[in-house]
Amino acid sequence: MEKKKLFIAGHRGLVGTATLQALSARTDYEVLTRTHDELDLEDRDATRAFFLEHRPDHVVMCAAKVGGILANSNFPVDFLHNNLRIQLNVFDAAHEAGIDRMIFLGSSCIYPRDCPQPIKEEYLLTGPLEATNRPYALAKIAGVESCWAFNRQYGTRYLAVMPTNMYGPGDNYHPEHSHVLPALIRRFHEAKTKGDPAVVVWGSGTPRREFMYSSDLGEAILFLLGLPEEKFAELTRANATPLINIGVGEDVTIREVAELVKATVGYTGELRLDATKPDGTPRKLLDVGRLASLGWKARTPLAVGLKNAYRDFVERHG
Ligand code: GFB
């Protein structure tokens, strides 16, 4: 069987790492990767030259500027402009190089702040966005629209996937700019090591989030990429938004997840909520019916994924 050439844009990030990991057992793909130093996707000419030289069959587009609630509010220009630039360059180059299938990674924050739960794909653009991540969400919405526009105008098959909040090996553990789970893993670990009597958790503790282990997302991406021709064509047909949610189907409060991290780390001190920090969206639970109907389901329970993530943190940073 002829191998498909697959370019993973952003293979060192959480999603890219998980996709590479899921590919490790596969022999039907020849995988192409480039570090940021080797190829800057914000450089239009370099991106175009790369695509025209290598002409991958498939692209998994997970290169993006990402971060947690504070990073989003501190660097709004970066989250909007860097992401738009990368997307424009990759979409245009992919089209010019005749890419067959592309999977574009978005995020569950593209949906309206107060939309009904669980969130169905068709709720996109039905209401105002959450202010703390509006620039990032708008860049990602533009990416969904790019998929759709290329499919309509040129008959391409570009699919946008919207994962829920992710965590897992190789995550960004920055104390302030990371997402909530890696931030808490680090904070509880450091408090345990130093013997601090209390750990601060931002916000009221009441927002609800759905957390997915990154290796599950890696597998979901390969599952979608490998769908038979008629199914992939159905998802990316010109008259439907090419959008699919990827999640686990259940959520927890920030307080509950903080207690779980505390237990996983083995910290015995107090947990203190800091209400001066932002809560963000009150709830973000994805409806995963569309993906389930294709035959895919997440399989790593939060408690198991957290144990693996904590082990990874200790190995890398402990
Ligand atoms: O992962 P996170 O930063 O982003 O989670 P979002 C924020 C929630 O966790 C808020 C609480 O309710 C915070 O108050 N939280 C508690 C903390 N302690 C901490 C902490 O130490 N660090 C952080 N970061 N949060 C992001 C978007 O939204 O979701 C991104 O900003 C992206 O653009 C991502 O879409 C998936 O879930 O609120």
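Bear in mind these aren't lab numbers, they're just calculated from the coordinates by the rules spelled out. Just so it is clear, the structure is predicted and the values come from calculations on it, not from any experiment. Quick reminder, even Gly has a Cβ in these numbers, built from the backbone with ideal geometry, and neighbours come from all protein chains shown.
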Verdict on residue 240 being within 29 Å of residue 113 (Cα to Cα), more than 9 Å from the ligand (Cβ to nearest atom), under 19 Å from the mean Cα position of the chain (by Cα) and among the small types (Gly, Ala, Ser): no
Number of the condition not met by residue 129 [criteria: (1) surrounded by fewer than 24 Cβ atoms within 10 Å (Cβ to Cβ); (2) in a helix (DSSP H, G or I)]: (2)
Residue match in segment 163-179 (condition: touching a Gly at 6+ places or on another chain (Cβ under 8 Å), in contact (Cβ under 8 Å) with a residue 40 or more places away in the chain and among the hydrophobic types (A, V, I, L, M, F, W, C)): no
Residues satisfying the stated conditions in segment 68-126, i.e. within 16 Å of the ligand (Cβ to nearest atom), under 17 Å from residue 247 (Cβ atoms) and of a type in the set (Val, Ile, Thr): 110, 119
Single residue of segment 238-261 satisfying the filter (outside any loop (DSSP other than H, G, I, E, B) and out of contact with any strand residue (DSSP E or B) (no Cβ under 6 Å at 6 or more places or on another chain)) that is surrounded by the most Cβ atoms within 10 Å (Cβ to Cβ): 261
Hey, residue 284 within 24 Å of residue 112 (Cα to Cα), in contact with a Ser or Thr (Cβ under 7 Å, 6 or more places away or on another chain) and of a type outside the set (A, V, I, L, M, F, W, C) or not: yes
Positions within segment 164-181 being buried (at least 22 other Cβ atoms within 10 Å of the Cβ) and either assigned to a helix (DSSP H, G or I) or more than 8 Å from the ligand (Cβ to nearest atom) (or both), in sequence order: 167, 168, 171, 180, 181
Extreme residue, nearest to the ligand (Cβ to nearest atom), among residues of segment 194-222 that are among the polar types (S, T, N, Q) and either surrounded by 24 or more Cβ atoms within 10 Å (Cβ to Cβ) or part of a helix (DSSP H, G or I) (or both): 214
